[in-house]
There are 2 protein chains.
Amino acid sequence: MTQSPRPAVVLLSGGLDSATALAAARNDGFRCHALTVAYGQRHAAELDAARRVAAALGAAEHRVFPLDLRAFGGSALTADLDVPRDRSAEEMAAGIPITYVPARNTVFLALALAWAEVLGSFDIFLGVNAIDYSGYPDCRPEFVRAFEGLANVATRAGVEGRGRFRIHAPLIHLAKAEIIRLGRELGVDYAPTHSCYDPAPDGAACGRCDSCRLRREGFAAAGVADPTRYAGEGEGPAPR
Amino acid sequence: MTQSPRPAVVLLSGGLDSATALAAARNDGFRCHALTVAYGQRHAAELDAARRVAAALGAAEHRVFPLDLRAFGGSALTADLDVPRDRSAEEMAAGIPITYVPARNTVFLALALAWAEVLGSFDIFLGVNAIDYSGYPDCRPEFVRAFEGLANVATRAGVEGRGRFRIHAPLIHLAKAEIIRLGRELGVDYAPTHSCYDPAPDGAACGRCDSCRLRREGFAAAGVADPTRYAGEGEGPAPR
């Protein structure tokens, strides 16, 4: 008799990190329920990427949940503000940039927790990373631990002791190059993933925002060919 | 020179408790930004009640944020399940009922936190109560403390030390009758508030769900006339 796999909710943005987190969850033996929050980001290309990634990595289910954080504004990703470009590693390390979306991962994990409780799942995967990142407070281990503690007092499932919620952040201590190497081992095809904060109308990545720079340097450091199509570089692979 | 009042975000459902919490926030000198989450509850009458309460209690602003928790289901308030009726106090004390909405207050506080950070506010008010209540885990002091800790590690405002987030739950240790007496002292008119989980099509309260029973007994114990219009009791005051 085979046991049916335990369910997990995986937050999936369509980017490189969350695709790797989904592959890690699958590799841990979970049945993966992928959740993408359509929060009004300027880069709707993310949503298409998320759909392709969920299908490619065998998610049991993929839901896109609309939640328009533009109602609150306060970020270059949800309001009409310029995305910073061409920042050095030192500039990125100096503070939290304007692309920070207030309380974004708190909101995302709250939704994932709601769905997990309905599914009877105690495992939530989040592709945050506190090494090669933009300094967002809600990507750090302190945040992940605090949310895990909250989940276990906030829910019927936690309080009744049917299980203990775990927030899995398998990439949190990995450099970008290590994430890419892990993903390759787990069979991730990064071609459909999308990282750019400010893509061209045809979907090409800008190559200059923090997210593009971290991604590009990660592929270079990993010694893996970068499948991204960057604006002005006609030779990249066509989007699939 | 007068100082402009500090801003607070107040979660406002349109019920008796959150109306009292709004009055308490105003009484503490805050400029109140009221937030109502339209989460697909069966009782849309709540939203009208919230609008009337926000106006009556002088909120600086009132926003209704759409977030459809029916996408996840799992509760009598968000799915097609029967709301329990005529339960005794002992039955209510025996466990968490089917009207529990998975992770609801976690989701609501996450949204309030997002808005607070954009507003430059460090104060969030929540009308939860752990005495005369249905045993929901996310109405307890442990939950409120855990979310407060999370807020301070999850946000730029918290991490940069510009202030410390506080989750105010001024009613948490009050019995329903004490809440009603407090509200009366603070000038709350309870006529527009709405508590029923399962109102009649004309908006009359059922008088039999947990929420109606707690409300009705609260008015009786407080010695305050109950302004609620209950189904089948034609003599109640007309809705305004």
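Being more than 9 Å from chain A (Cβ to nearest Cβ), touching a residue at least 60 places away in the same chain (Cβ under 8 Å), within 30 Å of A:Ser75 (Cα to Cα) and not polar (S, T, N, Q) is the requirement here; does B:His194 meet it? So that I can check it myself, show each step before the final result.
Values: more than 9 Å from chain A (Cβ to nearest Cβ): yes; touching a residue at least 60 places away in the same chain (Cβ under 8 Å): yes; within 30 Å of A:Ser75 (Cα to Cα): no; not polar (S, T, N, Q): yes.
Answer is no for this residue.
Test each condition in (1) acidic (Asp, Glu); (2) part of a helix (DSSP H, G or I); (3) crowded, with 20+ Cβ neighbours inside 10 Å for A:Glu90 and report the one that comes out false.
It is condition (3) that A:Glu90 fails.
Could you check A:Val144 against (1) assigned to a helix (DSSP H, G or I); (2) touching a Ser or Thr at 6+ places or on another chain (Cβ under 8 Å); (3) among the aliphatic types (A, V, I, L, M) and say which number it fails?
So A:Val144 meets the others, but not (2).
Take the residues of segment B:94-122 that are at the interface with chain A (Cβ under 8 Å from one of its Cβ atoms) and among the aromatic types (Phe, Trp, Tyr): which is farthest from B:Thr155 (Cα to Cα)?
Going through the qualifying residues, I end up with B:Tyr100.
Would a scan of segment B:123-131 turn up a residue that is within 9 Å of chain A (Cβ to nearest Cβ) and among the small types (Gly, Ala, Ser)?
Our first condition is that a residue be within 9 Å of chain A (Cβ to nearest Cβ); within segment B:123-131, this holds for none.
For segment B:123-131, residues within 9 Å of chain A (Cβ to nearest Cβ) and among the small types (Gly, Ala, Ser): absent.
Could you tell me which numbered condition B:Val10 fails, if it satisfies all but one of (1) touching a Cys at 6+ places or on another chain (Cβ under 6 Å); (2) free of Cβ contacts under 8 Å to residues at least 12 places away in the same chain?
(2)
So which residues in segment B:58-78 are more than 9 Å from chain A (Cβ to nearest Cβ) and within 19 Å of B:Phe108 (Cβ to Cβ), if there are any at all?
B:Ala59, B:Glu61, B:His62, B:Val64, B:Arg70, B:Ala76, B:Leu77, B:Thr78
In segment A:45-65, is there at least one residue being more than 26 Å from A:Gly187 (Cα to Cα) and either over 13 Å from the mean Cα position of the chain (by Cα) or not acidic (Asp, Glu) (or both)?
There is at least one residue in segment A:45-65 that is more than 26 Å from A:Gly187 (Cα to Cα) and either over 13 Å from the mean Cα position of the chain (by Cα) or not acidic (Asp, Glu) (or both).
Within the group A:Thr106, A:Thr20, A:Thr78, A:Thr99, which residue is among the hydroxyl-bearing types (Ser, Thr, Tyr), surrounded by 18 or more Cβ atoms within 10 Å (Cβ to Cβ) and touching a Lys or Arg at 6+ places or on another chain (Cβ under 7 Å)?
A:Thr78
Which residue, of A:Arg166, A:Arg145, A:Arg184, is at pLDDT 95 or above, touching an Asp or Glu at 6+ places or on another chain (Cβ under 8 Å), surrounded by fewer than 18 Cβ atoms within 10 Å (Cβ to Cβ) and over 25 Å from A:Gly40 (Cα atoms)?
The conditions single out A:Arg166.
The values are calculated or read from the model by the stated rules, or taken from the named source; none is laboratory data. Since this is a predicted model, take the numbers as computed values, not measurements. Note: ideal-geometry Cβ built from the backbone for every residue, glycine included; neighbour counts use all protein chains shown.
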